[in-house]
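The values are calculated or read from the model by the stated rules, or taken from the named source; none is laboratory data. All values derive from a computational prediction rather than experimental measurement. Neighbour counts are summed over all protein chains in view; Cβ atoms, including those assigned to glycine, are modelled from backbone coordinates with ideal geometry. For the accessible areas, the whole protein counts, side chains as well, though only heavy atoms, and no ligand, DNA or RNA atoms are used. Shrake-Rupley method; radii C 1.70, N 1.55, O 1.52, S 1.80 Å.
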Amino acid sequence: MGDLTAPQPELRLILASASPRRRELIGRLGIAPHAVTAADIDETPAAAEVPRAYARRMAREKALAAADDAAHVLAGDTVVACGRRILPKAEDEATARACLALLSGRRHRVLSAIALRSPDGTLRERLSETIVRFKSLSPEEIEAYIVGGEWDGKAGGYAIQGSAEGLITEISGSHSGVVGLPLFETRALLKAAGFAIA
């Protein structure tokens, strides 16, 4: 019979995201990933794919793309949705400007999906949904935000952890999920997988 008091091997975690925001957020749980890697997948939405299904699929595909049989792999994806419409990641000023004009004065959803792949291939998934509302934005406010550059590469053309927070009148749900990693759901997944989290 084996020694039941023998120390268990340390669980290793790979964060499948190049986002510094996700790395900083997971650190708030007292977790330091052993490695960080960007999962290179096609992020094009499928025809008629709804935002919730798209967010889940992206997180799952990123976790599987970075699969490692010696470590757990955590991946996430954040989608900004206006109705059934999936807003793009803003890669240029015109896209960011169009997103902000669309979101001005109205509620939208931020869907933050996470997937955790265990070394044995088990896949655990969670999704947080947050309602966010911007004030009615004047053209001058939109231009000032564009000049600041915080929109670059951000889903929906804004980063809630920056100056955009001063333009938001309502948030119902997970603030960390809007930033990029819902900590309540992430903590639950990691604890279920055996990670020691207080």
Ordering E93, E125 from largest to smallest accessible area (1.4 angstrom probe), what's the sequence? E93, E125
Among all the aspartates and glutamates, which ones have a C-alpha under 17 Å from K89's C-alpha, if same-chain residues fewer than 8 places away are not counted? D40, D42, E43, E49, D77, E150, D152
When the chain is fully extended, how far beyond the present Cα-Cα distance does D68 get from A35, taking 0.36 nm per residue of separation? 10.8 nm
Simple SL model, points at 7 angstrom along Cα→Cβ for E91 and A196; separation in nm is 4.4 nm
At 0.36 nm per residue, and after removing the present C-alpha to C-alpha distance, how many nm does the segment from A47 to T169 gain when stretched out fully? 40.6 nm
Order D120, D40, most accessible first, counting only protein heavy atoms with a 1.4 angstrom probe. D40, D120
Residues of type lysines that K191 reaches as a straight line, Cα spacing below 27 Å, ignoring anything fewer than 8 places off in the same chain: K62
What order, most packed first, do the peptides 134-144, 187-197, 103-113 have when packing is the mean number of other Cβ atoms within 10 Å of each residue? 103-113, 187-197, 134-144
